[in-house]
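Step one of this worksheet: look at the structure below.
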Amino acid sequence: MSKVPSALTDMFERNQKHAESRKGIPTLMQMHNRQRTPDDGVMIITCADPRLNPYAIFGLDETAQQRFPVVIRNAGGRTFDALRSIAVLDAIGSPSTIVVMHHSDCGMTHFHDADVKNILLSRTEDPAERKWIENTKYGEMLGPPEDSIREDVTLLRNSPFVRKETQIVGVKYDVFKGTVEVINVP
Ligand SMILES: [Zn+2]
């Protein structure tokens, strides 16, 4: 067996305990078949910030997880960045509800697209790479979470990757208080 990189030693040790606790895990097709009938699955799209743990926030323990809540995480929880995963997971699990959860003190409100681009551009002189970097969007948030939540809920409502009957809910998470609040999106 290959040697575990030192940065991962603690994680691999903790994994042994995790592996010992794994019992009665359903196959994907069992989950899929359970899901098809009640059609009550929830898909959560949220930020990768380590202060935000969607499983803890919503009490998604091992039992609840088998009801097919799925979590997609990326920088900011931006939906344009999650569309491929949304399309695939919608096909597999047909969630009745999609939650778009952004949060207070998000990194995307502190670091904007120009900052990301400048860092990436400093690493390459190649004209094709520089053009590609310039033309990419990085999901900056220039206003409060309410603004990006409304933008991303609207994007999903208008997306062919999401069924028209899917309920899409915008939620703001306060990383300091641990509270969630539904944001009205007209
Ligand atoms: Zn964030």
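The values are calculated or read from the model by the stated rules, or taken from the named source; none is laboratory data. As the structure is a prediction and not an experimental result, all values here were calculated from the model. Cβ coordinates were reconstructed from backbone atoms using ideal geometry, including for glycine residues, and neighbour counts include every protein chain displayed.
Go through the residues of the range 129-137 one by one and say whether even a single one is at pLDDT 95 or above, away from the ligand (no atom under 14 Å from the Cβ) and surrounded by 14 or more Cβ atoms within 10 Å (Cβ to Cβ).
yes
Looking at (1) within 13 Å of the ligand (Cβ to nearest atom); (2) buried (at least 16 other Cβ atoms within 10 Å of the Cβ); (3) small (Gly, Ala, Ser), which is the only condition Ser85 fails?
All conditions are met except number (1).
Check the range 152-165 and report whether any residue there is closer than 20 Å to Phe80 by Cβ, acidic (Asp, Glu), crowded, with 18+ Cβ neighbours inside 10 Å and within 16 Å of the ligand (Cβ to nearest atom).
Filtering the range 152-165 for residues closer than 20 Å to Phe80 by Cβ gives 152-164.
With the extra rule that they be acidic (Asp, Glu), the set shrinks to 152.
With crowded, with 18+ Cβ neighbours inside 10 Å added as a condition, the list becomes 152.
Cutting the leftovers down to within 16 Å of the ligand (Cβ to nearest atom) gives us 152.
Yes, the conditions are met somewhere in the range 152-165.
Name the residues in the range 88-128 that are of a type in the set (Ser, Thr, Tyr) and away from the ligand (no atom under 16 Å from the Cβ), would you?
We begin by selecting, within the range 88-128, every residue of a type in the set (Ser, Thr, Tyr); these are 94, 96-97, 104, 109, 122, 124.
Scanning the range 88-128 gives Ser94, Ser96, Thr97, Ser122, Thr124.
Among the helices (runs of 4 or more DSSP H) confined wholly to the range 86-179, which include 1 or more residues that are touching a residue at least 60 places away in the same chain (Cβ under 8 Å)? If you could, list the steps in order and put the result at the bottom.
Working: elements: 107-110, 113-121, 127-134, 145-157.
Counting at least 1 such residues, we get 107-110, 145-157.
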